[in-house]
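Undergrad: My questions all concern the structure below.
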Number of protein chains: 2
Amino acid sequence: MEVLSPQTGASAESLAELLRRGNVFSEKCPSREVLKHVTSRWGVLVLVALLDGTHRFSDLRRKIGGVSEKMLAQTLQWLEADGFVLRVSYPVVPPHVEYSLTPLGRQVGQRVEGLADWIEGNLPQILAAQGGQG
Amino acid sequence: MEVLSPQTGASAESLAELLRRGNVFSEKCPSREVLKHVTSRWGVLVLVALLDGTHRFSDLRRKIGGVSEKMLAQTLQWLEADGFVLRVSYPVVPPHVEYSLTPLGRQVGQRVEGLADWIEGNLPQILAAQGGQG
DNA sequence: CCATACACTAACCTTTAGGTACGTACTTAC
DNA sequence: GTAAGTACGTACCTAAAGGTTAGTGTATGG
(Lines give C-alpha, C1' and ligand atoms only; values in the text may rest on other atoms or scores of the structure.)
Protein backbone atom coordinates (compact mmCIF):
# COMPACT_ATOMS: atom_id res chain seq x y z
CA MET A 1 0.00 0.00 0.00
CA GLU A 2 1.48 3.27 -1.10
CA VAL A 3 0.29 6.68 -0.02
CA LEU A 4 0.73 9.58 -2.42
CA SER A 5 1.65 12.92 -0.97
CA PRO A 6 0.23 15.77 -3.05
CA GLN A 7 3.09 17.98 -1.93
CA THR A 8 5.98 15.93 -3.12
CA GLY A 9 4.52 15.88 -6.60
CA ALA A 10 4.08 12.87 -8.81
CA SER A 11 6.98 10.79 -9.96
CA ALA A 12 6.87 9.05 -13.32
CA GLU A 13 5.60 5.95 -11.58
CA SER A 14 2.89 7.63 -9.56
CA LEU A 15 1.55 9.25 -12.72
CA ALA A 16 0.67 5.84 -14.03
CA GLU A 17 -0.69 5.12 -10.60
CA LEU A 18 -3.01 8.09 -10.93
CA LEU A 19 -4.53 6.66 -14.08
CA ARG A 20 -4.93 3.30 -12.47
CA ARG A 21 -6.75 4.46 -9.38
CA GLY A 22 -7.35 8.21 -9.32
CA ASN A 23 -6.76 10.54 -6.40
CA VAL A 24 -9.10 13.50 -6.10
CA PHE A 25 -6.83 15.14 -3.57
CA SER A 26 -4.09 15.43 -6.14
CA GLU A 27 -4.24 18.58 -8.18
CA LYS A 28 -3.49 17.07 -11.57
CA CYS A 29 -5.76 14.05 -11.34
CA PRO A 30 -8.21 13.81 -14.28
CA SER A 31 -10.93 12.84 -11.82
CA ARG A 32 -11.14 16.51 -10.89
CA GLU A 33 -12.54 17.33 -14.34
CA VAL A 34 -15.06 14.53 -14.26
CA LEU A 35 -16.15 15.58 -10.78
CA LYS A 36 -16.56 19.12 -12.04
CA HIS A 37 -19.02 18.08 -14.74
CA VAL A 38 -20.92 15.68 -12.54
CA THR A 39 -21.27 18.12 -9.67
CA SER A 40 -21.93 21.17 -11.83
CA ARG A 41 -25.12 23.06 -11.09
CA TRP A 42 -27.08 21.46 -13.92
CA GLY A 43 -25.07 18.26 -14.22
CA VAL A 44 -26.50 16.96 -10.97
CA LEU A 45 -30.05 17.64 -12.04
CA VAL A 46 -29.62 16.21 -15.53
CA LEU A 47 -28.24 12.96 -14.15
CA VAL A 48 -31.05 12.61 -11.65
CA ALA A 49 -33.67 13.47 -14.26
CA LEU A 50 -32.33 10.91 -16.71
CA LEU A 51 -32.48 8.16 -14.09
CA ASP A 52 -36.20 8.27 -14.79
CA GLY A 53 -35.58 7.13 -18.34
CA THR A 54 -35.07 8.56 -21.79
CA HIS A 55 -35.95 12.21 -22.25
CA ARG A 56 -36.06 14.61 -25.15
CA PHE A 57 -34.31 17.95 -24.91
CA SER A 58 -37.48 19.90 -24.27
CA ASP A 59 -38.68 17.39 -21.71
CA LEU A 60 -35.52 17.89 -19.72
CA ARG A 61 -35.81 21.63 -20.00
CA ARG A 62 -39.35 21.55 -18.66
CA LYS A 63 -38.48 19.13 -15.90
CA ILE A 64 -35.46 21.01 -14.61
CA GLY A 65 -36.75 24.34 -13.37
CA GLY A 66 -34.61 27.29 -14.37
CA VAL A 67 -32.21 25.82 -16.92
CA SER A 68 -31.50 27.88 -19.97
CA GLU A 69 -31.32 26.10 -23.32
CA LYS A 70 -27.68 27.01 -23.62
CA MET A 71 -26.69 25.52 -20.29
CA LEU A 72 -28.74 22.39 -20.82
CA ALA A 73 -27.08 21.80 -24.18
CA GLN A 74 -23.64 22.48 -22.73
CA THR A 75 -24.16 20.20 -19.75
CA LEU A 76 -25.45 17.40 -21.92
CA GLN A 77 -22.36 17.70 -24.10
CA TRP A 78 -20.06 17.49 -21.09
CA LEU A 79 -21.78 14.42 -19.80
CA GLU A 80 -21.86 12.86 -23.24
CA ALA A 81 -18.12 13.45 -23.67
CA ASP A 82 -17.51 11.82 -20.28
CA GLY A 83 -19.42 8.77 -21.42
CA PHE A 84 -22.33 9.20 -19.03
CA VAL A 85 -25.02 10.28 -21.46
CA LEU A 86 -26.07 8.71 -24.73
CA ARG A 87 -27.43 11.01 -27.43
CA VAL A 88 -29.54 9.56 -30.21
CA SER A 89 -30.65 11.84 -33.01
CA TYR A 90 -33.36 10.91 -35.49
CA PRO A 91 -33.03 12.69 -38.84
CA VAL A 92 -36.61 13.84 -39.06
CA VAL A 93 -38.21 17.20 -39.18
CA PRO A 94 -38.92 18.77 -36.77
CA PRO A 95 -35.77 17.48 -35.02
CA HIS A 96 -36.08 14.59 -32.61
CA VAL A 97 -33.25 13.78 -30.19
CA GLU A 98 -33.33 11.38 -27.28
CA TYR A 99 -31.06 11.45 -24.25
CA SER A 100 -30.48 8.56 -21.92
CA LEU A 101 -27.87 7.32 -19.44
CA THR A 102 -25.16 4.85 -20.34
CA PRO A 103 -24.51 2.06 -17.83
CA LEU A 104 -21.67 4.19 -16.48
CA GLY A 105 -23.99 7.15 -16.29
CA ARG A 106 -26.59 5.19 -14.38
CA GLN A 107 -24.01 4.39 -11.72
CA VAL A 108 -22.90 7.99 -11.17
CA GLY A 109 -26.49 9.06 -11.39
CA GLN A 110 -27.39 6.86 -8.48
CA ARG A 111 -24.69 8.32 -6.24
CA VAL A 112 -25.70 11.81 -7.23
CA GLU A 113 -29.33 11.00 -6.62
CA GLY A 114 -28.44 9.67 -3.20
CA LEU A 115 -26.86 12.98 -2.36
CA ALA A 116 -29.69 15.07 -3.76
CA ASP A 117 -32.29 12.93 -2.03
CA TRP A 118 -30.51 13.23 1.28
CA ILE A 119 -30.42 17.00 1.01
CA GLU A 120 -34.08 17.16 0.03
CA GLY A 121 -35.11 14.90 2.84
CA ASN A 122 -33.03 16.69 5.47
CA LEU A 123 -33.77 20.22 4.33
CA PRO A 124 -35.76 21.07 7.46
CA GLN A 125 -32.87 20.08 9.72
CA ILE A 126 -30.35 21.90 7.56
CA LEU A 127 -32.45 25.05 7.53
CA ALA A 128 -32.86 24.75 11.27
CA ALA A 129 -29.11 24.35 11.74
CA GLN A 130 -28.52 27.42 9.61
CA GLY A 131 -30.90 29.65 11.51
CA GLY A 132 -30.22 28.22 14.93
CA GLN A 133 -26.48 28.91 14.95
CA GLY A 134 -26.75 32.68 15.39
CA MET B 1 -49.62 12.33 -3.46
CA GLU B 2 -49.20 15.64 -5.16
CA VAL B 3 -46.85 16.38 -8.01
CA LEU B 4 -45.44 19.88 -8.28
CA SER B 5 -45.06 21.34 -11.73
CA PRO B 6 -42.15 23.78 -11.90
CA GLN B 7 -43.86 25.62 -14.71
CA THR B 8 -47.11 26.48 -13.02
CA GLY B 9 -45.23 28.00 -10.11
CA ALA B 10 -45.77 27.36 -6.43
CA SER B 11 -49.03 28.06 -4.75
CA ALA B 12 -49.12 29.20 -1.11
CA GLU B 13 -49.64 25.63 -0.05
CA SER B 14 -46.90 24.09 -2.12
CA LEU B 15 -44.45 26.63 -0.73
CA ALA B 16 -44.89 25.15 2.70
CA GLU B 17 -44.58 21.76 1.07
CA LEU B 18 -41.23 22.81 -0.32
CA LEU B 19 -39.90 23.49 3.13
CA ARG B 20 -41.20 20.21 4.43
CA ARG B 21 -39.62 18.01 1.83
CA GLY B 22 -37.54 19.94 -0.68
CA ASN B 23 -37.60 19.57 -4.44
CA VAL B 24 -34.35 20.14 -6.28
CA PHE B 25 -36.13 20.34 -9.59
CA SER B 26 -37.99 23.42 -8.48
CA GLU B 27 -36.16 26.63 -9.19
CA LYS B 28 -36.84 28.37 -5.90
CA CYS B 29 -36.14 25.47 -3.58
CA PRO B 30 -33.53 26.27 -0.90
CA SER B 31 -31.98 22.86 -1.47
CA ARG B 32 -30.42 24.32 -4.60
CA GLU B 33 -28.21 26.57 -2.50
CA VAL B 34 -27.14 23.78 -0.18
CA LEU B 35 -26.38 21.57 -3.13
CA LYS B 36 -24.28 24.35 -4.60
CA HIS B 37 -22.06 24.56 -1.54
CA VAL B 38 -21.76 20.83 -1.09
CA THR B 39 -20.93 20.16 -4.73
CA SER B 40 -18.66 23.16 -5.15
CA ARG B 41 -15.18 22.42 -6.39
CA TRP B 42 -13.61 22.58 -2.94
CA GLY B 43 -16.69 21.75 -0.91
CA VAL B 44 -16.55 18.15 -2.04
CA LEU B 45 -12.91 17.80 -1.11
CA VAL B 46 -13.27 19.53 2.25
CA LEU B 47 -16.12 17.25 3.26
CA VAL B 48 -14.22 14.13 2.25
CA ALA B 49 -11.06 15.33 3.97
CA LEU B 50 -12.90 16.07 7.21
CA LEU B 51 -14.39 12.58 7.28
CA ASP B 52 -10.91 11.56 8.38
CA GLY B 53 -11.31 13.58 11.56
CA THR B 54 -10.55 17.03 12.92
CA HIS B 55 -8.15 19.14 10.89
CA ARG B 56 -6.51 22.51 11.29
CA PHE B 57 -6.71 25.06 8.50
CA SER B 58 -3.18 24.43 7.29
CA ASP B 59 -3.62 20.69 7.46
CA LEU B 60 -6.58 20.93 5.13
CA ARG B 61 -4.69 23.21 2.81
CA ARG B 62 -1.81 20.76 2.58
CA LYS B 63 -4.10 17.78 2.14
CA ILE B 64 -6.23 19.27 -0.61
CA GLY B 65 -3.90 19.86 -3.53
CA GLY B 66 -4.37 23.19 -5.25
CA VAL B 67 -6.68 25.10 -2.89
CA SER B 68 -5.89 28.71 -2.29
CA GLU B 69 -6.17 30.05 1.25
CA LYS B 70 -8.99 32.31 0.20
CA MET B 71 -11.10 29.56 -1.31
CA LEU B 72 -10.51 27.19 1.57
CA ALA B 73 -11.63 29.84 4.04
CA GLN B 74 -14.64 30.70 1.91
CA THR B 75 -15.67 27.09 1.48
CA LEU B 76 -15.33 26.38 5.18
CA GLN B 77 -17.56 29.35 5.93
CA TRP B 78 -20.24 28.14 3.52
CA LEU B 79 -20.24 24.69 5.05
CA GLU B 80 -20.21 26.11 8.56
CA ALA B 81 -23.20 28.32 7.75
CA ASP B 82 -25.05 25.28 6.38
CA GLY B 83 -24.43 23.45 9.64
CA PHE B 84 -22.08 20.84 8.17
CA VAL B 85 -18.80 22.03 9.64
CA LEU B 86 -17.95 22.91 13.21
CA ARG B 87 -15.29 25.57 13.78
CA VAL B 88 -13.52 25.74 17.13
CA SER B 89 -11.08 28.56 17.68
CA TYR B 90 -8.59 28.61 20.55
CA PRO B 91 -7.54 32.09 21.62
CA VAL B 92 -3.83 31.43 21.61
CA VAL B 93 -0.99 32.82 19.64
CA PRO B 94 -0.13 31.75 17.02
CA PRO B 95 -3.80 31.13 16.11
CA HIS B 96 -5.16 27.64 16.51
CA VAL B 97 -8.45 26.66 14.86
CA GLU B 98 -9.91 23.21 14.49
CA TYR B 99 -12.45 22.11 11.91
CA SER B 100 -14.60 19.03 12.14
CA LEU B 101 -17.88 17.69 10.79
CA THR B 102 -21.18 17.99 12.60
CA PRO B 103 -23.41 14.88 12.64
CA LEU B 104 -25.27 16.39 9.69
CA GLY B 105 -21.96 17.05 7.96
CA ARG B 106 -20.84 13.48 8.44
CA GLN B 107 -23.94 12.27 6.64
CA VAL B 108 -23.50 14.48 3.58
CA GLY B 109 -19.81 13.77 3.66
CA GLN B 110 -20.46 10.09 3.28
CA ARG B 111 -22.65 10.56 0.20
CA VAL B 112 -20.10 12.87 -1.32
CA GLU B 113 -17.32 10.45 -0.53
CA GLY B 114 -19.30 7.69 -2.18
CA LEU B 115 -19.48 9.75 -5.34
CA ALA B 116 -15.82 10.75 -5.27
CA ASP B 117 -14.73 7.19 -4.57
CA TRP B 118 -16.79 5.86 -7.42
CA ILE B 119 -15.24 8.32 -9.83
CA GLU B 120 -11.74 7.54 -8.60
CA GLY B 121 -12.31 3.83 -8.85
CA ASN B 122 -13.87 3.98 -12.29
CA LEU B 123 -11.53 6.55 -13.78
CA PRO B 124 -9.97 4.06 -16.21
CA GLN B 125 -13.37 3.15 -17.64
CA ILE B 126 -14.44 6.77 -17.83
CA LEU B 127 -11.25 7.77 -19.59
CA ALA B 128 -11.71 4.85 -21.96
CA ALA B 129 -15.30 5.86 -22.69
CA GLN B 130 -14.16 9.41 -23.39
CA GLY B 131 -11.48 8.40 -25.87
CA GLY B 132 -13.33 5.50 -27.42
CA GLN B 133 -16.41 7.40 -28.52
CA GLY B 134 -14.82 9.19 -31.51
C1' DC C 1 -51.00 33.54 -42.73
C1' DC C 2 -49.02 33.78 -38.31
C1' DA C 3 -47.63 31.42 -34.08
C1' DT C 4 -45.55 27.53 -32.13
C1' DA C 5 -42.71 23.56 -31.43
C1' DC C 6 -38.31 21.28 -32.08
C1' DA C 7 -33.06 21.19 -30.94
C1' DC C 8 -29.97 23.68 -31.15
C1' DT C 9 -25.89 27.53 -32.37
C1' DA C 10 -23.86 32.12 -32.15
C1' DA C 11 -23.23 36.48 -30.16
C1' DC C 12 -23.20 39.25 -26.37
C1' DC C 13 -23.38 40.41 -21.51
C1' DT C 14 -23.34 39.70 -16.28
C1' DT C 15 -22.03 37.28 -12.22
C1' DT C 16 -19.23 34.76 -9.44
C1' DA C 17 -16.03 31.25 -8.48
C1' DG C 18 -11.52 31.20 -8.01
C1' DG C 19 -6.49 32.93 -8.05
C1' DT C 20 -2.58 36.14 -6.55
C1' DA C 21 -0.47 39.04 -3.53
C1' DC C 22 -0.10 41.49 0.58
C1' DG C 23 -0.83 42.48 5.49
C1' DT C 24 -1.33 41.02 10.49
C1' DA C 25 0.36 39.92 15.41
C1' DC C 26 3.00 37.01 17.59
C1' DT C 27 6.19 33.02 18.28
C1' DT C 28 9.70 29.61 17.39
C1' DA C 29 13.74 28.20 14.88
C1' DC C 30 18.00 29.27 12.64
C1' DG D 1 17.88 39.58 13.23
C1' DT D 2 15.47 37.33 9.89
C1' DA D 3 12.61 33.75 8.02
C1' DA D 4 8.76 30.89 8.54
C1' DG D 5 4.40 29.34 10.40
C1' DT D 6 -0.47 30.38 12.01
C1' DA D 7 -5.46 31.64 10.26
C1' DC D 8 -7.20 34.30 8.08
C1' DG D 9 -9.14 39.53 5.69
C1' DT D 10 -8.80 42.62 1.88
C1' DA D 11 -8.13 44.19 -2.68
C1' DC D 12 -7.64 43.33 -7.27
C1' DC D 13 -7.86 40.47 -11.41
C1' DT D 14 -9.09 36.58 -14.70
C1' DA D 15 -11.65 32.85 -16.41
C1' DA D 16 -15.51 30.51 -16.78
C1' DA D 17 -20.25 29.59 -15.61
C1' DG D 18 -24.44 31.14 -16.64
C1' DG D 19 -28.22 34.18 -18.75
C1' DT D 20 -30.64 36.64 -22.74
C1' DT D 21 -31.79 37.26 -27.29
C1' DA D 22 -31.99 36.14 -31.93
C1' DG D 23 -31.92 32.98 -35.68
C1' DT D 24 -32.27 28.26 -38.27
C1' DG D 25 -35.74 25.08 -41.32
C1' DT D 26 -39.79 22.75 -41.51
C1' DA D 27 -44.26 21.26 -40.15
C1' DT D 28 -48.49 21.50 -37.72
C1' DG D 29 -52.48 24.09 -35.47
C1' DG D 30 -55.53 27.85 -35.39
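Undergrad: Tell me, what is the FRET efficiency for residue A:58 and residue B:100 to the nearest 0.05, using R0 = 35 angstrom and their Cβ-Cβ distance as r?
TA: With a Förster radius of 35 Å, E is 0.15.
Undergrad: What does segment A:93-134 give for Rg and for Dmax, in Å, if only its C-alpha atoms count?
TA: In Å, with Rg to one decimal and Dmax whole: 17.7, 58.
Undergrad: Could you quickly flag the chain B residue whose beta carbon comes closest to the rotation axis taking B to A, and that distance in whole angstrom?
TA: That would be B:39, 2.
Undergrad: Turning to a different aspect of this structure: For the cross-link pairs A:70/B:28; B:36/B:63; A:28/B:36; A:63/B:70, which exceed 30 Å when the distance is taken from alpha carbon to alpha carbon?
TA: Checking Cα-Cα distances, A:63/B:70 exceed 30 Å.
Undergrad: With only alpha-carbon atoms counted, please give the Rg and Dmax of segment A:23-125, in Å.
TA: Reported Rg and Dmax, both Å: 14.4, 49.
Undergrad: If you don't mind, another one. Shielding by partners for B:56-66, please: the mean number of other protein chain Cβ atoms within 10 Å of each residue's Cβ.
TA: Average per residue, whole number: 3.
Undergrad: A further question on this structure: Which distances in nm, rounded to one decimal and ordered from shortest, link the label point of residue A:88 to the equivalent label points in the other identical copies, with labels set 7 Å from Cα toward Cβ?
TA: 5.6
Undergrad: In whole percent, and with a 1.4 Å probe on the protein chains, what portion of the accessible area of segment B:44-126 is carbon and sulfur?
TA: C and S atoms contribute 50 percent here.
Undergrad: Run the label-point distances for residue A:36 please: 7 Å along Cα to Cβ, every other copy, nanometres, shortest first.
TA: Once sorted, the set of distances for residue A:36 reads 2.0 nm.
Undergrad: How far, in nm to one decimal, is residue B:62 from itself in the other copies if the label point is set 7 angstrom along Cα toward Cβ? Shortest first, please.
TA: From this label point to the equivalent ones elsewhere in the assembly: 5.6 nm.
Undergrad: Considering all projection directions equally, how large on average is the shadow of the alpha-carbon convex hull of segment A:61-118, in square nanometres?
TA: 4.8 nm²
Undergrad: Using θ = phi - 60° and the Karplus form 6.51 cos²θ - 1.76 cosθ + 1.60, what ³J(HN,Hα) does each residue of segment B:84-97 get, whole Hz, x for Gly and Pro?
TA: Per-residue couplings from phi come out as 9, 10, 9, 10, 10, 10, 9, x, 10, 9, x, x, 9, 10 Hz.
Undergrad: A further question on this structure: Enumerate the amide H contacts of residue B:56 below 5 Å, restricted to partners 5 or more residues apart or on another chain; note that Pro and chain-start residues carry no placed amide H.
TA: The answer is B:99.
Undergrad: Also, I was wondering about something else. Nearest 100 Å² is fine: what is the total accessible surface buried where chains B and A meet, probe 1.4 Å?
TA: 4700 Å²
The values are calculated or read from the model by the stated rules, or taken from the named source; none is laboratory data. Quick caveat, the model's predicted, so the values are computed rather than measured. A quick note on method: Cβ atoms are made from the backbone with ideal geometry, for glycine too, and the neighbour counts reach across all protein chains shown. These area figures cover heavy atoms from the full protein model, side chains too; ligands, DNA and RNA do not enter into them. Shrake-Rupley method; radii C 1.70, N 1.55, O 1.52, S 1.80 Å.
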